[in-house]
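The values are calculated or read from the model by the stated rules, or taken from the named source; none is laboratory data. Predicted, not measured: the structure shown is a model, and the values here were computed from it. We place every Cβ from the backbone using ideal geometry, glycine too, and count neighbours over all the protein chains shown.
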Amino acid sequence: MALPTEMQVVVFTDKEKAALVREPVRAPGRGEVLVRATWTLVSTGTETICYGRRFEPGSHWDNWVKYPFHSGYSFVGVVEALGEGVEGLSPGDRVSSTHSHRQFAVGPASDFLKVPDGVSDRDAGWRTLSYIVQNGVRRAQHALGEDLVIVGAGPLGQMAVQFLRLLGPRELIVIDPVSDRLEIARRHGATRAINLDVAAAADAVKEFTEGRMADAVYDITGNDKVFQSAQQLLRRLGKLVLVGDTGTPSGQHLTGAIISKSLSVIASHATNTPPHESDFTPWTRNRMIQLFFQYLKDGRMRMTDLNTHVFEPKDCQAAFQKLLHERAKTLGCHFDWTKV
């Protein structure tokens, strides 16, 4: 079989400019595989910040987003060819990786994780977001019966609902101004939904927690203003968990609640996932993804009703414009590469 020599790739060429461009494809070398994409999931928060350059000059975002910028990190496809010495993968295997939005991916076999039977390619696209959320959940070290609050019912927030539900909270409260997102969160295990801006939600949280306030609050919004309001929702010695990243960290401010309540702020970022098992933690990136796939297979989690939008790669400019200006109307957004 002749291997492809060219592929189509989604690239940000400038601020608010996305294009489908052609790039060469190299043959897989020793220990490498060539994979044809089926679906890639858009990380709508991160990628719209990058696309719109909605970040502060001099920030780590500013240092990261350089043109041409290859966006995306949730790739699913089918193995087309193997380089010498590859074991454990065969042509036709379905796999996932952190490659960007592209028609083909070439890399070490260890970069690709098999997608098990019973998990669709589209659902498998959530694999990267699954360990982003698990990082935060694991760092929070929850106990049975806690009152938990999630601020932000976007894609990461919806995954957090499902992971936290499995830990057995007494109340699992979700706050979001978009009512449709709250209804979905309820279907996935949220016990309470507060359809308000977080700055106005303290009284409702107090009522639902019988006056105690929350044991832990998750800020999963990427909105710098939420950080201050979220501190007011916690009990003494409560935990504020940051999942995701804002482009404007200078807008995040500590309040008197940090000292007066002795709060803990727990930050979580995907790049801090341990790459190898150790005596301190067995939970590497791949093990967390495999756990997520297991939950999908046995029905303890589901993504199907979170998959709201499909875009053709050739329409990437219109797709990112929609996400930049209408993101609240979307959840799981995918590029379909099966017809390219």
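So that you can scan it fast, the table gives a plain yes or no per residue for (1) modelled with pLDDT of 95 or more; (2) within 20 Å of residue 146 (Cα to Cα); (3) in the same structural domain as residue 161 (by TED's automatic domain parsing); (4) among the β-branched types (Val, Ile, Thr):
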position: 220; (1), (2), (3), (4): yes, yes, yes, yes
position: 223; (1), (2), (3), (4): yes, no, yes, no
position: 234; (1), (2), (3), (4): yes, yes, yes, no
position: 254; (1), (2), (3), (4): yes, no, yes, no
position: 266; (1), (2), (3), (4): yes, yes, yes, yes
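If a residue must be surrounded by 16 or more Cβ atoms within 10 Å (Cβ to Cβ) and charged (D, E, K, R), how many such residues does region 328-340 contain?
Summing the residues that are surrounded by 16 or more Cβ atoms within 10 Å (Cβ to Cβ) and charged (D, E, K, R) in region 328-340 gives 1.
Collect the residues in region 241-272 that are of a type in the set (Val, Ile, Thr) and within 17 Å of residue 215 (Cβ to Cβ), keeping them in residue-number order.
Of everything in region 241-272, those that are of a type in the set (Val, Ile, Thr) and within 17 Å of residue 215 (Cβ to Cβ) turn out to be 241, 243, 258, 265, 266.
For a quick check of your reading of the model, give me the residue pairs whose first member lies in region 71-100 and is more than 22 Å from residue 117 (Cβ to Cβ), whose second is among the charged types (D, E, K, R) and in a loop (DSSP other than H, G, I, E, B), with beta-carbon atoms closer than 6 Å and at least 6 apart or on different chains.
Correct list of pairs: 83/30; 84/30; 85/30.
If you check residue 23 against the conditions, is it closer than 24 Å to residue 310 by Cα, surrounded by 14 or more Cβ atoms within 10 Å (Cβ to Cβ) and of a type in the set (D, E, K, R)?
It is true that residue 23 is closer than 24 Å to residue 310 by Cα, surrounded by 14 or more Cβ atoms within 10 Å (Cβ to Cβ) and of a type in the set (D, E, K, R).
Hey, any hits in region 79-102 for a residue that's polar (S, T, N, Q), assigned by TED's automatic domain parsing to the domain that holds residue 308, outside any strand (DSSP E or B) and in contact with a Phe, Trp or Tyr (Cβ under 8 Å, 6 or more places away or on another chain)?
yes
Return the total of residues in region 250-295 being outside any loop (DSSP other than H, G, I, E, B), surrounded by 15 or more Cβ atoms within 10 Å (Cβ to Cβ) and without any contact (Cβ under 8 Å) to a residue 12 or more places away in the chain.
Qualifying residue count for the region: 1.
Which numbered condition trips up residue 247, out of (1) modelled with pLDDT of 95 or more; (2) part of a loop (DSSP other than H, G, I, E, B); (3) surrounded by fewer than 21 Cβ atoms within 10 Å (Cβ to Cβ)?
(3)
Quick check, is residue 311 buried (at least 17 other Cβ atoms within 10 Å of the Cβ) and more than 25 Å from residue 111 (Cα to Cα)?
Yes, satisfied.
Here's the yes/no breakdown for (1) under 15 Å from residue 40 (Cα atoms); (2) among the hydrophobic types (A, V, I, L, M, F, W, C):
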site	(1), (2)
113	yes, yes
122	yes, no
132	no, yes
135	no, no
142	no, no
145	no, no
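Check whether at least one residue in region 54-70 is buried (at least 22 other Cβ atoms within 10 Å of the Cβ) and in the same structural domain as residue 13 (by TED's automatic domain parsing), and report yes or no.
Scanning region 54-70 turns up no residue that is buried (at least 22 other Cβ atoms within 10 Å of the Cβ) and in the same structural domain as residue 13 (by TED's automatic domain parsing).
Can you name the residue in region 198-244 that is of a type in the set (Ser, Thr, Tyr) and under 26 Å from the mean Cα position of the chain (by Cα) and is also surrounded by the fewest Cβ atoms within 10 Å (Cβ to Cβ) among such residues?
Selected residue: 229.
For residue 262, all conditions in the list (1) at negative phi; (2) outside the structural domain of residue 47 (by TED's automatic domain parsing) hold save one; what is the number of the exception?
All conditions are met except number (1).
Across region 103-145, which residue is surrounded by the fewest Cβ atoms within 10 Å (Cβ to Cβ) among those that are in a helix (DSSP H, G or I) and hydroxyl-bearing (Ser, Thr, Tyr)?
110
Condition first: touching an Asp or Glu at 6+ places or on another chain (Cβ under 7 Å) and among the charged types (D, E, K, R). Now tell me which residues in region 112-163 satisfy that.
Residues satisfying the conditions are 114, 146, 147.
Kindly indicate which of 309, 334 is in a strand (DSSP E or B) and either touching a residue at least 40 places away in the same chain (Cβ under 8 Å) or at positive phi (or both).
Unique residue meeting the criteria: 334.
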